[in-house]
Each structure stands twice: as structure tokens, then as C-alpha cells.
Amino acid sequence: MTQTKSYAKSQILLHWLMAVVVFGLFGVGFWMVDLTYYSEWYRIAPHWHQSVGFMLALAWVARIVLLRIHGKPSPLESHKPAEIRAAHFTHALLYLLMLCLFISGYLISTADGRAIAIFNWFELPGLGELFAEQADIAGTVHQYAAYGLIALVVIHAAGALKHHLIDKDDTLNRILGRTKPQPSNYDQEQ
Amino acid sequence: MKKFALATAFAAMAISPLTQAADYVIDTEGAHAFIQFRVSHLGYSYVEGRFNTFAGTFSFDDKNVAAAKIELTIDTKSVDSNHAARDKHLRSGDFLNVDKHGKATFVSTKIVPKTAGQFDVVGNFTFNGVTKEITINAQKVGEGQDPWGGYRAGFTGTSAINLSDFAIKNILGPKAETVALSFVVEGVRK
């Protein structure tokens, strides 16, 4: 029996959009911290990183809302209990690490009460120093949470590929919007 | 008579320390002392900042300026340029390296009196783990009873250091190689 219930189109779209943005933010973040003072990117890269990061936070909230509205497909029958637990744990941790990144990122730049300009569109107000050595602690947390998130994304993707290529089940197809996949579709994977 | 002469000699020795320098504690408790820095920004302007946490003592007597001494310990983590994100960068390995060298110290080795109220304070400045002799051009501001039953003496001083002398790679442009230091030191007599 094949599980055909898929994610909603909005969930699928947002999932892949966030995947792209997470990698983009990680890449930019990794690169921008080593920019020299005289680099033309020195000011604009962090500004974009912060602005796009804020948009990702909005998308994160939207994902939670969509999850409440649409729910998620029940596990495939072929999924082992341990796999289901591991997948749920990974999903929860992905959300948690992203939340941790949003908060820590915010705390780095607002430790002196400065606002964060989002795309020159509006200013996200700063709350000032909420605890001692805020900028440094938040910076360290942000760095390691980002490494953790990327590591987890790799595990998450490896799991999806394992189901797709080895188990040849519909786990990955559900998030690609292929509600009734045929075995022949597997070759057209993008 | 011999006994009297001896007693007089001892008395004279006991009296002579009257001209000995008085010892002062720098009034950081009431924040009547400031350690500030100024560095070129792009060659077009300056960034100023200060160290908020430091402690020190000095001894000083107008009648024997050359015997004066001063000792200062600066908590480099307390750097404050009125911008949390910049201060985070200043504390990092790019500049102050505070995780490795959280303290900077200045210990005077020689006082060279100049004109009235002006003197050079020569001493060893340990900064970023490097000890180098620097000279502070000092000026006495005044001394006397304070309104609360204490006795105070105050000085100002200026000096300059080159970043490269203290193993700090200058990444801010050629004009930023030299950092001007300025001190306001008010002591309360012990």
C-alpha cells in the first residue's frame, strides 16, 4: 500500500525556499566575517544577511502556522519506528536551531540598543543589553548553531536520499509534491 | 650629649619621610578617571572609545616629582566605542585578543620633570601580551581637600602607540596605525 498523502503546496514551496535561504545565509555568514574593512561588501553583506535572516524568521513562523493548519503526512508504512523517531527529532531540532539562530543573530547587533535595518524597509528595534557580554556570547552561539544547523541539514538530506535511492519509497516525493509517484519517476529526479 | 645627638639623628630620619610622596588610589569607584583612545577612521575622521574598567594607584609629591610612581591595570574586555558590534570586533583576535590577553598594564619606571606641573611618565606598557616602554606626557591639574573629607590629586596624560609594536595587525588602513591614548587620573589619598 502506498501512502499518497503529501504536504500542502504552500508547505512544499516554503520548505525548498527555506532550504535555499539557509544555505545562502550560511555561505554569506561564513564569508562575510572575514571580509576586510576596505572590502566593498564589508557593510552591505551583513545588512543583507540580517535582512534575509529576518525574512527566514518570518518564513519559519509561517511554516509553524502551516503545520498547524495542514498537519503533516503520517509516516509511510515502510518507515521503521526508529526512523520515524529520528526524523521527528531531526525536524524538531532543525526548527529549534533556526529559532536559536534568529534570536542569537538579533542579540549580536542590538546589544547596545541599536535597531537592525531590514532591507532599508523598516527598522527592527533593539532591546539593548539583556545580559553581560551579550554580543560575544550571542556571536559564539550564532556561529555554532549555524554549524549545527548545516550538519543537521546534511543528515536530514542524507535521510531523504536514503529513502529515495535505497529504500525507493515516497519520503522525498512527498516534499517534492509528487503525490502519486510511479517507480519510473525516480529517474527524473532533479 | 652623645645620646642626645643620636636621638636627634634618629628624629631627623623619622621626620624626613614627611617629604615622602603620598599614596593615592585612582578613583575608579566614583569614575573620576578615564582611559580613552582615538584612532583614525579612513583618514577622514576619528573613532574614539574608552576602557570602562581599570584600577590603579600612584604616589606623588610636588616637592619630589621625580619620585612619583604609577601603576595601572586595564581590563581590555571593557572596551567601549559606543557600538556593540564594533566592540565585539575590537575584543576579537583581530585587535585586543581579550580571551588571551584580558589585562593591559602600565608600570612607571621613571619620571622626568619638565616645566612646572609637566612631566614625562616613562614606563612599561603591557598590551596584547607585548611589553614595551612608552612615555606619557603628563600634566598635573590640581590637588587639595575634597568636600567629603578626603584629599585628591588629579592629572591628565597623553601618549600614542603603534598597533604593530603590540603585535596587532593593522587592518584599518595606514592612517590607523597609531592610536592616541589619553588619560584623566584622579586619585584619593590613602
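Checking the structure you have, find out if any residue of segment A:8-15 is open to solvent by less than 60 Å² (accessible area, probe 1.4 Å), within 14 Å of chain B (Cβ to nearest Cβ) and more than 16 Å from the chain's Cα centre (by Cα).
no
With the condition kept exactly as written, say whether any residue in segment A:68-77 is free of Cβ contacts under 8 Å to residues at least 40 places away in the same chain, among the small types (Gly, Ala, Ser) and open to solvent by less than 60 Å² (accessible area, probe 1.4 Å).
Scanning segment A:68-77 turns up at least one residue that is free of Cβ contacts under 8 Å to residues at least 40 places away in the same chain, among the small types (Gly, Ala, Ser) and open to solvent by less than 60 Å² (accessible area, probe 1.4 Å).
Within segment A:37-55, count every residue that is farther than 22 Å from B:Leu172 by Cβ and away from chain B (no Cβ under 14 Å).
6
So which of A:Ile69, A:Ile64, A:Ile84 ends up being more than 14 Å from chain B (Cβ to nearest Cβ) and modelled with pLDDT of 95 or more?
Just one listed residue meets the conditions, A:Ile64.
Test of understanding: among B:His89, B:His83, which residue is out of contact with any Asp or Glu (no Cβ under 9 Å at 6 or more places or on another chain), without any contact (Cβ under 8 Å) to a residue 24 or more places away in the chain, within 12 Å of another protein chain (Cβ to nearest Cβ) and of a type outside the set (A, V, I, L, M, F, W, C)?
Exactly one residue qualifies, and that residue is B:His89.
If you scan segment B:106-128, which residues turn out to be open to solvent by less than 40 Å² (accessible area, probe 1.4 Å) and assigned to a strand (DSSP E or B)?
Of everything in segment B:106-128, those that are open to solvent by less than 40 Å² (accessible area, probe 1.4 Å) and assigned to a strand (DSSP E or B) turn out to be B:Phe106, B:Ser108, B:Ile111, B:Phe119, B:Asp120, B:Val121, B:Val122, B:Gly123, B:Phe125, B:Thr126, B:Phe127.
So, in segment A:144-156, of the ones that are without any contact (Cβ under 8 Å) to a residue 40 or more places away in the chain and either crowded, with 16+ Cβ neighbours inside 10 Å or hydrophobic (A, V, I, L, M, F, W, C) (or both), which residue ends up farthest from the other protein chains (Cβ to nearest Cβ)? Walk me through how you get there before you give the answer.
Pass one, segment A:144-156, residues without any contact (Cβ under 8 Å) to a residue 40 or more places away in the chain: A:144, A:147, A:151, A:154.
Right, trim to either crowded, with 16+ Cβ neighbours inside 10 Å or hydrophobic (A, V, I, L, M, F, W, C) (or both) and you get A:151, A:154.
Details: A:Ala151: 24, A:Val154: 28 Å.
Checking each candidate, the answer is A:Val154.
Just wondering, is there one or more residues in segment A:75-90 that are in contact with a strand residue (DSSP E or B) (Cβ under 9 Å, 6 or more places away or on another chain) and part of a helix (DSSP H, G or I)? Walk me through how you get there before you give the answer.
Of all residues in segment A:75-90, those in contact with a strand residue (DSSP E or B) (Cβ under 9 Å, 6 or more places away or on another chain) come to none.
Checked against the condition, which is being in contact with a strand residue (DSSP E or B) (Cβ under 9 Å, 6 or more places away or on another chain) and part of a helix (DSSP H, G or I), segment A:75-90 yields no hits at all.
Does A:Gly24 qualify as being within 14 Å of chain B (Cβ to nearest Cβ) and not hydrophobic (A, V, I, L, M, F, W, C)?
In short, no.
Identify, from the list B:Val98, B:Val184, B:Val112, B:Val130, the residue that is within 14 Å of another protein chain (Cβ to nearest Cβ) and either more than 30 Å from B:Tyr44 (Cβ to Cβ) or modelled with pLDDT of 95 or more (or both).
Result: B:Val98 is the single residue among B:Val98, B:Val184, B:Val112, B:Val130 that is within 14 Å of another protein chain (Cβ to nearest Cβ) and either more than 30 Å from B:Tyr44 (Cβ to Cβ) or modelled with pLDDT of 95 or more (or both).
What is the residue count in segment A:162-182 for residues that are open to solvent by 40 Å² or more (accessible area, probe 1.4 Å) and either modelled with pLDDT of 95 or more or more than 20 Å from the chain's Cα centre (by Cα) (or both)? Quick ask: steps written out before the conclusion?
In the first step, residues of segment A:162-182 are kept if they are open to solvent by 40 Å² or more (accessible area, probe 1.4 Å); the result is A:162, A:165-168, A:176, A:178-180, A:182.
Retained after the next criterion (residues that are either modelled with pLDDT of 95 or more or more than 20 Å from the chain's Cα centre (by Cα) (or both)): A:162, A:165-168, A:178-180, A:182.
Of the residues in that region, 9 qualify.
Answer yes if at least one residue in segment A:120-142 is polar (S, T, N, Q) and either in a helix (DSSP H, G or I) or surrounded by 13 or more Cβ atoms within 10 Å (Cβ to Cβ) (or both), and no otherwise.
yes
The values are calculated or read from the model by the stated rules, or taken from the named source; none is laboratory data. What you see is a predicted model, and the numbers here were worked out from it, not measured in a lab. Positions of Cβ are backbone-derived with ideal geometry, glycine not excepted, and every protein chain shown enters the neighbour counts. To get the accessible areas, we keep the full protein, side chains included, count just its heavy atoms, and leave off ligands, DNA and RNA. Shrake-Rupley method; radii C 1.70, N 1.55, O 1.52, S 1.80 Å.
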